[in-house]
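The values are calculated or read from the model by the stated rules, or taken from the named source; none is laboratory data. Predicted model only: the values in this text are computed from it and were never measured. We place every Cβ from the backbone using ideal geometry, glycine too, and count neighbours over all the protein chains shown. Note: accessible area is taken over every heavy atom of the protein model, side chains too, but ligands, DNA and RNA are not part of it. Shrake-Rupley method; radii C 1.70, N 1.55, O 1.52, S 1.80 Å.
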Amino acid sequence: MKIEEAINWIHSRLPFGSRPGLDRVEALLEVVGHPEEKVKTIHIAGTNGKGSTVTYLRYLLEEAGLTVGTFTSPYIESFNERISINGQGIPDESLIRLVKKYQPLVEQMDQFEAVAGITEFETLTAMAFDYFLEEQVDVAIIEVGLGGLLDSTNVAKPLLTGITTIGMDHTDILGDTIEEIAAQKAGIIKQNVPLVTGNIVPEALAVIEKQAKLKNATQHAWGEAYTVSYKHPAEEWGEIFSFQNEFGKIPKLTIHMIGRHQVENAGMAIEMYQIYCGRMNLPFREKDVINGLKKAQWPGRMERLSEEPLVILDGAHNTHAMARLVQNLKQEFKGYHVHLLFSALRTKEVDKMLHQLQEVPDATIYVTTFDYPKAIELSDIQATTDEKVTIVSMWQFGLAEILEKMTAEDVLVVTGSLYFISEVRRLLVQLGGKNES
C-alpha cells in the first residue's frame, strides 16, 4: 500500500459526513483494546483559539522535556500533521500500518446498522490514540473537532480540560444561541478534572460554570484565576505581555504570533501547563515558559510567510475569528494598504464576514473560490456596492496580480477557510520558499 492509497481510504469515509455521537467510535475503540484509556491526555475545545492554545501548550511541555502527541485539524502543510509527536507528523509507514489495521475493522462494522458508517474524523481519532499509545507519549493534547459533548474526541479520559472561546459557528449542528453552543463545548468537562477557560462572553461562561460545578471540576477562569497584560508589539514580529496567577507573575513574555487574542491563548496555555505540572509533580520553571513560548510557531495563524513583499496568512474562518483579524489589522498595520484575498466555505456566514472585512481602513478585498467540495460559489456572493470588493474567479491569477503590484507600503493578507489558506500557502512556498522570520 502506498501513502496516497492509505490517505484515499481515510478520505473515503468523508461522505459519511459529521455525525455527532460516540457510539461508533466507542465500538471501534473497544475492538482495538481501548487505547484512549491508556494515554494521558489534555482535551481542548472552543470556537476559536484551539489550535494556537494546543501549540503553545505543546511547546511548553516539550521545553520541560516531555514527548507530546497532538491531534489537530485541519492540516496546513501535510495530512500527516493531524497526528503528530513533538511537531513531527505521523510517518507514512506508521499511517499505512494503521490503515491496514483499521480498514477491515471499519468495513466489518459497516455490516451492522448500529455502528455502520464510521466517519473520517472518528477513524482518525481512534488511530491517533492507537499511535500515541504505541509511541508511548508522555501526554497527548487532543483538539476537539466540532462542539465537544458529541465529538468523537470526547472518548478521551483527560487529566485536564480547556475551553478557549465561544462564538457563533456550526449553528446547524451545535445550536443557534450562544448558550446552546456553550453547552455543547462544556460537554468535555469531566468529573473532578480541572478546567481552564479563556476569554469567554458572560452568557456562555455562565453555562460552562454551571456544568463545572455539576461535575465538581475546579475552574480556572481567564481574568480571575489568571490574567494576562498586553504590553506592546515585539520588535521583530509578535507580542510582548506579562502573565499572573495565584503562584506569581512572569513580567515579560514574547510570542511570535500577532494579535491580542494570541496573548490570551498563550496565557491560557501557561495556566494549563502550570496545572499539569502540579498534577504530575513536575517542576514549573519560568525559563521553560519563556523559552517555550518564544519557539512556538503555528502555520496559517497570523503567519508571516514573506517579508518582501509582506504576506500574511490567517485562517479567520468564522465571524468570531474575523472580528479578531479586523481588530489586529487596524492595530498592527496602520499606514499600510491592505490587500485581502478571501475565500470561505458556504456553510459559514460569508456575507457577515465580508462586511467585517470592509471595516479595514485602506483595504482592497478580493473574493474568490477554491477547489473544495463546500467552497463558496462566486455566483452566491451577494452583489455588493462597496468599491473595496473585487470578485476573482481564479485565486491563482488574483494572487499573482496582487503580488505584482505590491510595494513596501502594501501588505497581502490571505484569509478565510483554513483549507483555502493551505492551498495558497502550498503555492507560495513552492514559488519562493518560505522567508523564515
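Results for (1) in contact (Cβ under 8 Å) with a residue 60 or more places away in the chain; (2) closer than 27 Å to Leu60 by Cα, shown as yes or no for each residue.
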{"residue": "Ile255", "(1), (2)": "yes, yes"}
{"residue": "Gly259", "(1), (2)": "yes, yes"}
{"residue": "Arg279", "(1), (2)": "yes, yes"}
{"residue": "Lys334", "(1), (2)": "no, no"}
{"residue": "Leu341", "(1), (2)": "yes, no"}
{"residue": "Glu359", "(1), (2)": "no, no"}
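If I filter the range 370-388 for residues that are outside any loop (DSSP other than H, G, I, E, B), exposed (fewer than 14 other Cβ atoms within 10 Å of the Cβ) and among the aliphatic types (A, V, I, L, M), do I get at least one hit? Yes: the range 370-388 contains one or more residues that are outside any loop (DSSP other than H, G, I, E, B), exposed (fewer than 14 other Cβ atoms within 10 Å of the Cβ) and among the aliphatic types (A, V, I, L, M). Just one residue in the set Val39, Val25 is in contact with a Phe, Trp or Tyr (Cβ under 7 Å, 6 or more places away or on another chain) and either surrounded by fewer than 18 Cβ atoms within 10 Å (Cβ to Cβ) or of a type in the set (A, V, I, L, M, F, W, C) (or both); that residue is Val39.
Of all residues in the range 305-331, those that are touching a residue at least 60 places away in the same chain (Cβ under 8 Å), open to solvent by 20 Å² or more (accessible area, probe 1.4 Å) and over 23 Å from Glu236 (Cβ atoms) total 3.
Of all residues in the range 147-156, which are in contact with a strand residue (DSSP E or B) (Cβ under 7 Å, 6 or more places away or on another chain) and over 15 Å from Gln211 (Cβ atoms)? Correct list: Thr153, Ala156. Scanning the range 1-21 for residues being of a type outside the set (S, T, N, Q) and crowded, with 17+ Cβ neighbours inside 10 Å gives a total of 6. Tally up the residues in the range 65-86 that are part of a loop (DSSP other than H, G, I, E, B) and open to solvent by 30 Å² or more (accessible area, probe 1.4 Å), please. Qualifying residue count, the range 65-86: 6. Right, Lys334: modelled with pLDDT under 90, under 29 Å from Gly267 (Cβ atoms), out of contact with any Leu (no Cβ under 7 Å at 6 or more places or on another chain) and open to solvent by 20 Å² or more (accessible area, probe 1.4 Å) or not? The answer is yes for Lys334. Determine whether the range 48-60 contains at least one residue that is in a strand (DSSP E or B) and hydrophobic (A, V, I, L, M, F, W, C). No, the range 48-60 has no match at all. Looking at the range 388-397, which of its residues are modelled with pLDDT under 95, touching a Phe, Trp or Tyr at 6+ places or on another chain (Cβ under 9 Å) and either over 19 Å from Tyr336 (Cβ atoms) or hydrophobic (A, V, I, L, M, F, W, C) (or both)? Matches in the range 388-397: Val389, Ile391, Val392.
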